[in-house]
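Below is one structure; the comments refer to it alone.
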Amino acid sequence: MDHVVLLRGINVGGINIKMVDLRTALSDAGFGDVRTVLATGNVRLTSPKKGSALKSSIEKTLADAFGYEAWVILLTPTELDDIVSSYPFDPEREGWHPYVVFGSNRDHLGELASLSDTLDPDLERVSLSDSVLYWEVVKGNTTDSLVGKTTSKAKYKPTTTTRNLRTLIKMLA
């Protein structure tokens, strides 16, 4: 079975993993057809395992190989395709970044979505779906925006990971 794996917090904040080393660790652990996309912890692989057993196995592999407390989001390609195709804003809007915030804590995604009423729509917008928070922000303002600042708080760092929609599209190719 084909899987999409999004690693949280690598190649930022001191946890640096080369993609060749990531592919090797996962391949050596018995995962098949391991492919990375860009250098930000985006992986496609095959495994007969699924669900929590697969998630635990990947996280243990990463912890053992790289010495950090790994946390991953696990999706099927169909789930990722549904997320990408449901992006509620114009993904080609000139001067804007289209993002998807994934989370392991639904309450945290809800809290981030509740910022909607206080956001400057000329700078950023959010929309909550059943599984992710969609976010768009003016280029150059990602880390300075309210959503950007909020997701970087200690409370949200272990439960959320953000990907550019364009990266997610590349993962489906």
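The values are calculated or read from the model by the stated rules, or taken from the named source; none is laboratory data. This one's a predicted model, so the numbers in the text were calculated from it and none came from an experiment. Quick reminder, even Gly has a Cβ in these numbers, built from the backbone with ideal geometry, and neighbours come from all protein chains shown.
Observations on the model:
- Of all residues making up region 70-84, the number that are out of contact with any Asp or Glu (no Cβ under 8 Å at 6 or more places or on another chain) and either part of a loop (DSSP other than H, G, I, E, B) or among the β-branched types (Val, Ile, Thr) (or both): 4
- Region 128-140 residues that are in the same structural domain as Thr162 (by TED's automatic domain parsing) and of a type in the set (Ser, Thr, Tyr), paired with ones that are surrounded by fewer than 16 Cβ atoms within 10 Å (Cβ to Cβ) and outside any loop (DSSP other than H, G, I, E, B) (beta carbon under 6 Å, 6 or more apart): Tyr134/Ser127
- Residue within region 113-123 that is at positive phi and not polar (S, T, N, Q) present: no
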